[in-house]
Amino acid sequence: MKSSELVRWMRHAFMVLAGVSAAFMASAAAPEDTLKTPQLIVVMSIDQFGAALFNQHRASYRQGLLRLIEQGVVFPEAYQSHAATETCPGHSTLLSGRHPSATGVVANHWRDRVTGAPVYCVYDVTHPVPGRPDSPRGPAHLKVSVFGEWLKQANPASRVFGISGKDRAAIAMTGHHPDGVFWWDDERGFTTSVPAGSDERARLEGVSSFNRQLFDSWSKKTPTWDIADAKCLAHAETRQYGALTIHHQVPPLNSPSSTGPFSLEHAPSVQRWLRASPVLDQATLDLAAELITHYHLGQSTAPDLLTISLSATDYIGHRYGLQGPEMCDQIAHLDQSIGHFMDVLKNLNVPTLLVMTADHGSVDAAEQVAEHAVPADRIDLTALMGQLNSELRKALRLDIDPIIGDGQQLYISPKIVLPTMRQRVSLLATKALRQMPQVVDVFTSAQLAQIQIPHDKPANELTLAERFAESFDATRSGDLSVAYKAYASFGFPKSPGDAIAEHGSPWNYDRRVPLVFWWPGSTGFEQSLPVETVDIAPTLAALVGIKTPPVDGRCLELQGKISHRCLSTR
């Protein structure tokens, strides 16, 4: 071969190899290119949608939840890793990246250490609610900033909105100074609070028209619980829970028919059934779509955030349990309504990211659990507290109950002032509780204050004490933190509407939740190793290229490999 021909051959071979290499690199880079910097981020929490419930119904998903699984980045074993698995603490972790020990939201309610009075997690006198002078609602108790605040600080043109069936869920996710935060009021529809100096009409602008149209449509046809999946009817039966008999069916017996008109005067009946029905979630998602249109979310040069918390699953779980036709049909409704909402996001034709997760998990009523190879009992907390205080009063010769509170967090009465007496109460109460068959362990505030959580320890390997430490705030948590027997239900339901099942324990069934990231065009993957809900905020921050304050979570690799997005935050 002549030298000129050899040169031409080598040049051709080099070009071919270069082309192959370029094609390979382009192919390898394609998944990264599909996840563009989102212009609209939607974070959706499904209240009480635990990992067990999510996984149990996977085979029945046909629409939105199926698309999330098939196309999204799925973490079926995510953790609300702390012990206080309630709505307010759980939602406080989702966009702060911090555990409740940092957010200060240690429970739905805690006790004021000076007065002993209960404190609601979103009670905030600086944020009055129109028409509710005794129920101001705001973020005053939230001690940290959240993703929406970081977003607005980095991009002043960004907008932050939040909606939920519950005030505490909406407020905990949007944090301080959102552009709008709305929640359901049985008598008024979706409402909000009005910070000092704000205009009430302007604050309600996003929901006033929606509420009028909603109630107008309901005045013509009463909202009803329609059957989404006839297969759920196979679970119909009559069961006994404590002193309460429930005839499990869809729709439930207390649901109104569509023959009568609806009006605000019917609010008591609304409270009895609408919250614990798919109607509440559908109204919430309808409002979400309305807010996207009204405020042109995702259409500006800066990224916007919309938070959504769907509350009906929680109300249904408490009222009817997890295995009946009510929950079965609720999941079918969720699947449908989330699918329709995902279509709304896709039709925006802008880079969009949807995150789906939950604030906590749950366990079924003790009567149901006990029939499925797991011992479970009901615990009467009122009787337990009565027994505890009776023993302490006698041993310490006191004329007052030395312990106040109930459930996980117990406080030494502020009426007991002397440090030596408070120490004696703590020691004797701890000993007495540990001897009770309903109690697994007790931790004092002094113990929890000394525990340091290893940053890289998987959530499923945390000890019981470490789980409580992640929920511990020295100024708000109880003097004693109590872990009760697993699978127990609290209280003895008597009347229709009473809760038959609970959550809030440090056990994994209450801590495990699903976590899914989806965007139009995503192919995704599934990763079964444990992650945490505190990982959401740093992941979102990396996607939009903003720095975070100190967080407890880590950036998750949504492309299945180390990307420059997460590396930029490390």
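At a Cα cut-off below 21 Å, give the lysines reachable from residue 220, other chains included and same-chain residues fewer than 8 away excluded.
Within the straight-line cut-off, residue 220 pairs with nothing.
Tell me, 44, 421, 385, 173 in order of fewest to most beta-carbon neighbours within 10 Å?
With the fewest neighbours first, 44, 421, 385, 173 line up as 421, 385, 44, 173.
Report the label-to-label distance for residue 209 and residue 391 in nanometres (one decimal), using points 7 Å from each Cα along the Cα→Cβ vector.
If labels sit at residue 209 and residue 391, their model points lie 6.3 nm apart.
Pop out the ³J(HN,Hα) list for the range 79-85 in order, Karplus 6.51 cos²θ - 1.76 cosθ + 1.60 with θ = phi - 60°, rounded to Hz; leave Gly and Pro as x.
Result, rounded to whole Hz: 10, 7, 6, 7, 8, 7, 7.
Could you give the size of the charge dipole of the chain about its Cα centre, using +1 on the Cβ of each K and R and -1 on the Cβ of each D and E, expressed in debye and rounded to the nearest 20?
Here the chain has a charge dipole of around 1080 debye.
Show the residues, 5+ positions off or on another chain, whose built amide H is closer than 5 Å to the amide H of residue 241.
Amide H neighbours of residue 241: 246.
If the limit is 27 Å between Cα atoms, which of 36/166; 152/346; 143/494; 221/494; 231/494 go over it?
Cα-Cα > 27 Å for 36/166; 143/494; 221/494; 231/494; rest within.
How many percent of Cα pairs in the range 130-217 exceed 20 Å?
Value for the range 130-217 (Cα pairs over 20 Å): 35 percent.
Remind me, what semi-axes does the range 378-484 give for its equivalent ellipsoid, largest first in whole Å, using sqrt of 5 times each Cα gyration tensor eigenvalue?
Working from the Cα gyration tensor, I get semi-axes of 26, 16, 10 Å.
If you plug each phi of the range 238-246 into the Karplus form 6.51 cos²θ - 1.76 cosθ + 1.60 with θ = phi - 60°, what whole-Hz ³J(HN,Hα) values come out, in order, with x for Gly and Pro?
Each residue of the range 238-246 in turn: 10, 9, 10, 10, x, 9, 9, 9, 10 Hz.
Using 0.36 nm per residue of separation minus the Cα-Cα distance, give me the extension gain between residue 245 and residue 475 in nm, one decimal.
Stretched out fully, the residue 245 to residue 475 stretch lengthens by 78.6 nm.
Find the relative contact order for the chain and round it to a whole percent, using C-alpha pairs within less than 8 Å whose residues are 6+ positions apart.
28 percent
Quick one: which residues, 5 or more positions from residue 98 or on another chain, have an amide H under 5 Å from its amide H? H modelled 1.01 Å from N in the peptide plane, none for Pro or chain starts.
Under 5 Å from the amide H of residue 98: 552.
If packing is taken as the mean number of other Cβ atoms within 10 Å per residue, what is the order of 524-537, 308-321, 289-302, highest first?
Ranked by mean Cβ neighbours within 10 Å, highest first: 308-321, 524-537, 289-302.
For 467, 132, what ranking results if the residue with the fewest other Cβ atoms within 10 Å of its Cβ goes first?
132, 467
Between residue 238 and residue 62, what is 0.36 nm times their sequence separation minus the Cα-Cα distance? Round to one decimal in nm.
The span from residue 238 to residue 62 would gain 60.5 nm if fully extended.
Taking other Cβ within 10 Å of each residue's Cβ, how do 340, 372 sort, fewest first?
372, 340
Counting DSSP beta bridges in the chain, what percent are antiparallel, to the nearest 5?
55 percent
For residue 422 and residue 135, what is the calculated FRET efficiency with R₀ set at 56 Å and r taken between the beta-carbons, to the nearest 0.05?
Calculated transfer efficiency: 0.95.
Where nothing but the Cβ of Lys and Arg (+1) and of Asp and Glu (-1) is charged, how large is the charge dipole of the range 378-484 around its Cα centre, in debye to the nearest 20?
It works out to roughly 460 debye.
How much length is gained if the chain between residue 441 and residue 70 is pulled fully straight, taking 0.36 nm per residue apart and subtracting their Cα-Cα distance, in nm to one decimal?
129.4 nm
How many nm is it between the label spots at residue 434 and residue 381, if each spot is 7 Å from the Cα in line with the beta carbon?
Modelled inter-label distance: 2.3 nm.
Give the relative contact order (percent, whole number) for the range 471-570; include only Cα pairs under 8 Å separated by 6+ residues.
17 percent
Using modelled amide H (1.01 Å from N, peptide plane; none on Pro or chain starts), what sits under 5 Å from the amide H of residue 78, excluding residues fewer than 5 places away?
Distant-sequence amide H within range of residue 78: 513, 515, 531.
Given labels modelled 7 Å from the Cα in the Cβ direction, how far is it in nm from residue 199 to residue 498?
About 5.0 nm separates the two model spin labels.
Normalising by the residue count of the range 378-484, find the relative contact order in percent from Cα pairs under 8 Å and 6+ residues apart.
29 percent
Using the Karplus curve 6.51 cos²θ - 1.76 cosθ + 1.60 with θ = phi - 60°, what ³J(HN,Hα) values do you get for each residue of the range 173-183, in whole Hz, with x for Gly and Pro?
Per-residue couplings from phi come out as 7, 8, x, 8, 6, x, 6, x, 9, 9, 8 Hz.
Each value in this text was obtained by applying a stated rule to the coordinates, not by laboratory testing. Keep in mind that this is a model prediction, so the values were computed, not measured. Note that we place each Cβ from the backbone using ideal geometry, even for glycine, and neighbour counts take in every protein chain shown.
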